[in-house]
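Below you'll find the structure, written out as structure tokens, and then a few comments.
Every number in this text was worked out from the coordinates using simple rules, so none of it is lab data. Just so you know, these numbers come straight off a predicted model, no measurement behind them. Please note: Cβ atoms are built from the backbone with ideal geometry, for glycine as well, and neighbour counts cover all protein chains shown.
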Amino acid sequence: LVTQDDIRFQERIDAEDKIEPRDWMPDGYRRTLVRQIAQHAHSEIVGMLPEGNWITRAPSLRRKVALLAKVQDEGGHGLYLYSAAETLGVSRDELVEQLLAGKAKYSSIFNYPTLTWADIGAIGWLVDGAAIMNQVPLCRCSYGPYARAMVRVCREESFHQRQGYELMLALANGTAEQKRMAQDSLNRWWWPSLMMFGPSDDQSAHSAQNMAWKIKRFSNDDLRQRFVDATVPQAEFLGLTIPDPDLRLNAETGHYDFGAIDWTEFNEILKGNGPCNRERLEARRKAWDEGAWVREAATAHAAKRAQREMK
Ligand code: FAQ
């Protein structure tokens, strides 16, 4: 049933008005935003784990400092996004609970292991590269708090992407063994990075409505194509080979054609059966349990301060 409120809401969207927390919005709009922003926040928090794995083993002080800063940024993005979700009437506790109970989704990409130091380069280059491609249009999302949060997040992700590409460049120009490591990590991260953009358009349940509401500005397949077009020349500059025998520049379209994505692998990961799904959730649960004393201390401190202010 379409009401007058729905019609007026769509007119505001079409006029490029930003929707703010206290404005009327359809329940479906609120629900899909909570879903997307929460999944995005969880991705940032779980996304700290694969790279965190290498902080203690970074090969130099300079690399360690950069990686520490990057992982810290991701924690910041997660908290920032939980706050954006809270403006829609859910609490951070609820969202964290859903994550720890295994009921919430987060990006498929963070369920792969980081086996070598080169994976830190590949994550920055490809995973942050894909994240930027997807998130720059979100700076124009119709929901104000999410759009504004994305501006800072995208600036920081750009730094992350450069950090990763520069690392890959150092390895690709290094010894034969270093170059092999870089190629091996490209081989393992390429296809999962393409899956980050989500199912193909004809399989994407939320796309049509989210495009009409201007939450999404481009479809999953459009963004995936843009990512391939931008990344292939970067791989060529590194002297590395993209692991796709079907990849070729299509002279007619000006875009790269690429091979079929293994959607079975993607769907298995979404069901919780990826290589690291269990390990990631266990790490988050452990961090939550071991952080209980911090939450208790902060609550006690806040209560004490409130009491002092009342006097
Ligand atoms: N993994 O109908 P659609 C980062 C789900 S970047 C897992 O197409 P939609 C930075 C989807 O949620 C990564 N699930 O859905 C970083 C839906 O599930 P539901 C995070 C996926 O929303 C870098 C179902 O499949 N970025 O963290 C995936 O229209 C390095 C149907 O899909 C964002 O979250 C996937 N790859 O489009 C951190 C960006 N793809 O809820 C550390 C914001 C789809 O029906 C290190 N999100 N699904 O059960 C979005 O732009 C959108 O939500 C999409 C999906 C494009 C991800």
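Okay, here's what the table says:
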| item | result |
| --- | --- |
| Those GluC sites (Glu not before Pro) in segment 1-70 that DSSP places in a loop and that have at most 15 other beta carbons within 10 Å | GLU16 |
| Mean separation of Cα contacts under 8 Å (6+ apart) over length of segment 3-81, as relative contact order % | 32 |
| Which of SER204, SER60, SER83 has the fewest Cβ neighbours within 10 Å, and the rest in rising order | SER60, SER83, SER204 |
| GluC sites (Glu not before Pro) restricted to segment 198-269 and DSSP loop, no more than 15 other C-beta within 10 Å | GLU252 |
| Mean residue ellipticity (222 nm) of the chain, computed from DSSP H runs ≥ 4 via -39,500 (n - 2.57), nearest 500 | -20500 deg cm²/dmol |
| Segment 229-311: C-alpha gyration tensor shape, a/c 1.5 cut-off, then a/b vs b/c | prolate |
| Gain on full stretching of the segment that runs from ALA300 to ILE7 - 0.36 nm per residue minus C-alpha separation | 100.7 nm |
| Taking ARG8, ARG162, ARG284 and counting other C-beta atoms within 10 Å, the order from fewest to most | ARG8, ARG162, ARG284 |
| From phi via Karplus (6.51, -1.76, 1.60), per-residue ³J(HN,Hα) for segment 284-298 in Hz, x at Gly/Pro | 5, 5, 5, 4, 5, 5, 6, x, 4, 5, 5, 5, 4, 5, 5 |
| In segment 185-250, trypsin sites (Lys or Arg not before Pro) in a DSSP loop with at most 16 other beta-carbon atoms within 10 Å | ARG217 |
